[in-house]
Amino acid sequence: MYGWRARIGYTSPPLTTEVFPYEFYKLVPDGVSLVVTSLAITVRSKEEIDQSYEISMKAARQMAEAGCDLICLGGVPINVSRGIKNARQMITDLEAELGVKVSTSQSAQEKAARLLGCRKVVVAHPYAAKDTERIAGYSAHMGCETLGAMGWGNPFNQIGRTPRNAALEMGRKLMQAHPGADTIMFPSPHWPTLESIDVLEAEFGVVVMSALQVIVWDALRRVGIDDKIQGAGRLFREF
């Protein structure tokens, strides 16, 4: 079968999921496959987030029955919608119930930030400016101080149309404005970031952490795949 090394389950927040599978398969080694369930997010309302939380619980149980090796629950807003303590307990409870490794977008990013020593970060995201404060605030859960943040300006249901150079362009602008930053963070794994990671790390001598990179890294390492993948940043080269 295609997933002879590992089958990774992922609950994907956008109702129309596009970029995540594309960059997932550009990144993972042969023998790793993606089992994906799209949730209910189109405008990121509270109703959609609550609905998506419930769908993700059902999907996790179905993925376990399907034989996935690990299940990642996507969407930090969904992960923490019932509190950060609940988000951490949810992993423990699901693993005990399902007998399968479970992670979340939030837990993967917390782990990577600790390993990489992220402290002072700048944050670039694909969404509208009104979302910047909320998205930048998630880095506090990782023990980081946000020095600056900016968004590309897309509505949620249009993020798949974000140009491939958007992350690179925003990363450069943020580092020029905040040269004291040690990390560039790209929240959301649903816009193109993979091609910008190595370029920005080399250009500014900082760590670059993208949500997709971190989700895939955490999943692979937890199922015992330790391949040192080139072109995906320090995280994949060193950890």
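The values are calculated or read from the model by the stated rules, or taken from the named source; none is laboratory data. As the structure is a computational prediction, the values presented were derived from the model and not from experiment. Neighbour counts are summed over all protein chains in view; Cβ atoms, including those assigned to glycine, are modelled from backbone coordinates with ideal geometry. Calculation scope for accessible area: heavy atoms of the full protein, side chains included, ligands and nucleic acids excluded. Shrake-Rupley method; radii C 1.70, N 1.55, O 1.52, S 1.80 Å.
Of the residues making up the range 223-239, those that are in contact with a helix residue (DSSP H, G or I) (Cβ under 8 Å, 6 or more places away or on another chain) and either open to solvent by less than 20 Å² (accessible area, probe 1.4 Å) or part of a helix (DSSP H, G or I) (or both) are Ala232, Gly233, Arg234, Leu235, Phe236. Looking at the range 185-202, can you tell me whether even one residue there is closer than 24 Å to Val43 by Cα and either open to solvent by 50 Å² or more (accessible area, probe 1.4 Å) or part of a strand (DSSP E or B) (or both)? Yes. Residue check, Arg7 against (1) under 19 Å from Asp218 (Cβ atoms); (2) touching a residue at least 40 places away in the same chain (Cβ under 8 Å); (3) in contact with a helix residue (DSSP H, G or I) (Cβ under 6 Å, 6 or more places away or on another chain); (4) not in a helix (DSSP H, G or I), all met but one. Which one? Checking Arg7 against (1) under 19 Å from Asp218 (Cβ atoms); (2) touching a residue at least 40 places away in the same chain (Cβ under 8 Å); (3) in contact with a helix residue (DSSP H, G or I) (Cβ under 6 Å, 6 or more places away or on another chain); (4) not in a helix (DSSP H, G or I), the one that fails is (3).
Condition check: open to solvent by less than 20 Å² (accessible area, probe 1.4 Å), touching a residue at least 12 places away in the same chain (Cβ under 8 Å) and of a type outside the set (D, E, K, R). Does Ala66 satisfy that?
no
Taking the conditions exactly as written (aliphatic (A, V, I, L, M), more than 19 Å from Gly117 (Cβ to Cβ) and surrounded by 14 or more Cβ atoms within 10 Å (Cβ to Cβ)), does Ala181 satisfy them or not? So Ala181 fails the test.
Just so you know, in the range 1-50 the residues that are under 15 Å from the mean Cα position of the chain (by Cα) and of a type in the set (A, V, I, L, M, F, W, C) include one that is surrounded by the most Cβ atoms within 10 Å (Cβ to Cβ), and it is Ile8.
Residue count for the range 155-177 under the criterion of being surrounded by fewer than 24 Cβ atoms within 10 Å (Cβ to Cβ), of a type in the set (Gly, Ala, Ser) and either assigned to a loop (DSSP other than H, G, I, E, B) or modelled with pLDDT of 95 or more (or both): the result is 2.
Number of residues in the range 10-68 that are touching a helix residue (DSSP H, G or I) at 6+ places or on another chain (Cβ under 8 Å) and either assigned to a strand (DSSP E or B) or among the aromatic types (Phe, Trp, Tyr) (or both): the value is 16. Each residue in the range 94-128 was checked for being more than 18 Å from Gly148 (Cα to Cα), open to solvent by less than 10 Å² (accessible area, probe 1.4 Å) and over 15 Å from the mean Cα position of the chain (by Cα), and 1 pass.
Residues considered: Gly148, Gly180. Of these, the only one that is assigned to a loop (DSSP other than H, G, I, E, B), of a type outside the set (Val, Ile, Thr) and either at pLDDT below 95 or in contact with a strand residue (DSSP E or B) (Cβ under 8 Å, 6 or more places away or on another chain) (or both) is Gly180.
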